[in-house]
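Trainee: Submitted below is the structure of interest, expressed as structure tokens.
Please treat every number below as a calculation from the coordinates, not as lab data. Note that the structure is predicted; figures quoted are calculated from it, not measured. Virtual Cβ from ideal backbone geometry, glycine too; neighbours counted across all protein chains shown.
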Amino acid sequence: MKLSDYDLKQMDDAWVEGLPADRLRLALRQTLNELKEARDRLNMTPENSSRPPGSMAPWDRSSATPELSGDEVEPAADQCKKADSGGKDDPPDGGAGPAATSPKRGSGKPPGKPPGAQGFGRTQQLPVDDTCPHVPSQCAACAMVLPQTADNMQAWTAWDQVDLVPLADGQTGLKLCCTRHILYQSQCSCGHVTRAMACRAPIDERWLHTGVCEWRLSGPFLAAMIVVLAMRMRLSRARIREFFAEFIGLSLSSGLIDNTIREAGRACEAVEEELVLDIQQAAMLHIDETSWKEKAELLWLWTVVSAGTVYFTIGHRSSELLVNLLEDKFSGVIMSDGYRVYREWTNRLRCWAHLIRKATGLAESVDARVAKIGHQIEAHFDVLMAAIYAARLAPPGDALTVAHDETIANLKYICEQYKDDSHKKLRELARELLLDWHVIMRQIREPHLALTNNIAEQSLRHWVISRLISHGTRSVEGTRAFALLASVIETCRLRCASPWRYLATVIDAARKDDAPPSLPEIQAFASGV
Ligand SMILES: [Zn+2]
């Protein structure tokens, strides 16, 4: 049990003098543990905390100080301090919404509430359907078990939380429930008064602007719904507010929506290890990347797809990111386009759809000579592709490399012939094929292997539209939250599970500082490869 400011204020000389020796020993043990933890926290730096360097995450960039930006709210510590001292009218997540007061574009001011400006909580009063008591079980000072009798307990603060009630099978509709969470205090025979506190995740220097705390106006299912509306339905903050006001009669600030999304992102960090493990153990990975804007910085959104997991990460366009993600634990095959970073892996495949698209581009050239060569390359690929599909249905007597050696040799001859051609696109395709010849021809040797990287490209498509709507993310923490939420949502979908229900359980566990729930099981039919 942690000692709060309220506990420490009571623990004065007079209290110590009044304690019998055995209780004094208990109290000393308790305070020593607390002191050691406090000292460790004090000595914490980005270099010595959170994770050992070996497990540094691939998104970890060199700058350790999170960037302050308009979509940030108060630090987590401040947010939850209110829960320690404030009443129910002073909830920690009802701060003014950045979008609610967004200055006009081009005004030069960053969007959002200026630091230190007053926040406005939700003013809407809802009837309370249920109460949930939080009672201290042991004395914070001397660790004695506290009697939980009515005359010994006093309510000292409370907060109301609105949540969606998940429907049973066959039910329809949308049901909200407002629960009043009451925190009680209780006096020990040693004289110390212990208060039940709202649970919260410990301070993390990588999430200084994103607190995870039980004291929230939106319950886990409502929070997960907000995330799904923003991420999966691609609704803007304003549209989400409109949706809740119009259909549900609930007024939410943009600040609350923004905080909820980042809080959910931070909560998902707890399941990242499981996602990464599944990626590292996969037999085959489809990888692709697309550009992403974080404020003014150009970054890349990477997707890594295995049979049961979709993992997104946003960072630079370098092999370092993949090396850090896969460490030396991945021994499967990588399917990708021709981007050079993938060449570091010998066990890989090239996407034929990319190459055929380029040949089609040549075939459509207005230069008749180039168009003719483009058609020839296309035709060779068509023959080989048909042979691969046929071989999957009925294994041929001869290996495809033998049966089609002439087609393969002709294609290579065309490439050799035009690798120094004056037509830029033709020259480039010829060189690209020759440079990666052995890898490109691998599916002919092993026809059961995938021919295209469509799975990875499809997994990016939804988020490319998101990028067009949102213009990317605005802060390091916002970017992290986005990638984590996208990973969890797409993985749930690939595993035929509800992202909403799963996210709610992840948020609930994180707010209680509990271990996260395991990812939904991979369905036998969910294999996307
Ligand atoms: Zn006590």
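Trainee: Label the stretch 369-470 by shape, choosing from rounded, prolate and oblate, from the square roots a ≥ b ≥ c of the eigenvalues of the Cα gyration tensor; if a/c is under 1.5 it is rounded, and otherwise prolate applies when a/b is larger than b/c, oblate when it is not.
Mentor: oblate
Trainee: To continue, here is another question. What FRET efficiency would be calculated for the residue pair Gln171, Ala515, taking the C-beta separation as r and a Förster radius of 35 Å, to the nearest 0.05?
Mentor: Result of the calculation: an efficiency of 0.70.
Trainee: Read phi for every residue in the stretch 324-329 and hand back ³J(HN,Hα) as whole Hz from Karplus 6.51 cos²θ - 1.76 cosθ + 1.60, θ = phi - 60°, with x for Gly and Pro.
Mentor: Per-residue couplings from phi come out as 5, 6, 8, 6, 10, 9 Hz.
Trainee: Here is a follow-up. What is the calculated FRET efficiency for Gln187 to Asp337, with r their C-beta to C-beta distance and R₀ = 60 Å, to the nearest 0.05?
Mentor: My answer for the efficiency is 0.30.
Trainee: If you find the alpha carbon centre of the stretch 227-291 and of the stretch 149-214, how far apart are they in angstrom?
Mentor: If you average the Cα positions of each part, the centres end up 23 Å apart.
Trainee: In nm, give the distance between the simple-model label positions of Glu246 and Ala379, each being 7 Å from the Cα along the Cα-to-Cβ direction.
Mentor: 5.6
Trainee: Taking the Cα-to-Cβ direction at Val128 and at Trp437 and moving 7 Å from each Cα, how far apart do the two end points lie in nm?
Mentor: Modelled inter-label distance: 7.9 nm.
Trainee: Anything over 23 Å Cα to Cα? Flag those among Lys293/Lys425; Lys2/Lys512; Lys295/Lys329; Lys295/Lys425; Lys372/Lys424, in the order listed.
Mentor: The answer is Lys293/Lys425; Lys295/Lys329; Lys295/Lys425.
Trainee: Just to check I understand the Karplus step: with θ = phi - 60° and J = 6.51 cos²θ - 1.76 cosθ + 1.60, what whole-Hz values come out for the stretch 14-28, glycine and proline as x?
Mentor: Values, residue by residue: 4, 5, 5, 4, x, 7, x, 4, 5, 5, 5, 5, 4, 5, 5 Hz.
Trainee: Still on this structure: Taking Cα pairs under 8 Å and at least six residues apart, what relative contact order does the stretch 352-445 come out at, in percent?
Mentor: 26
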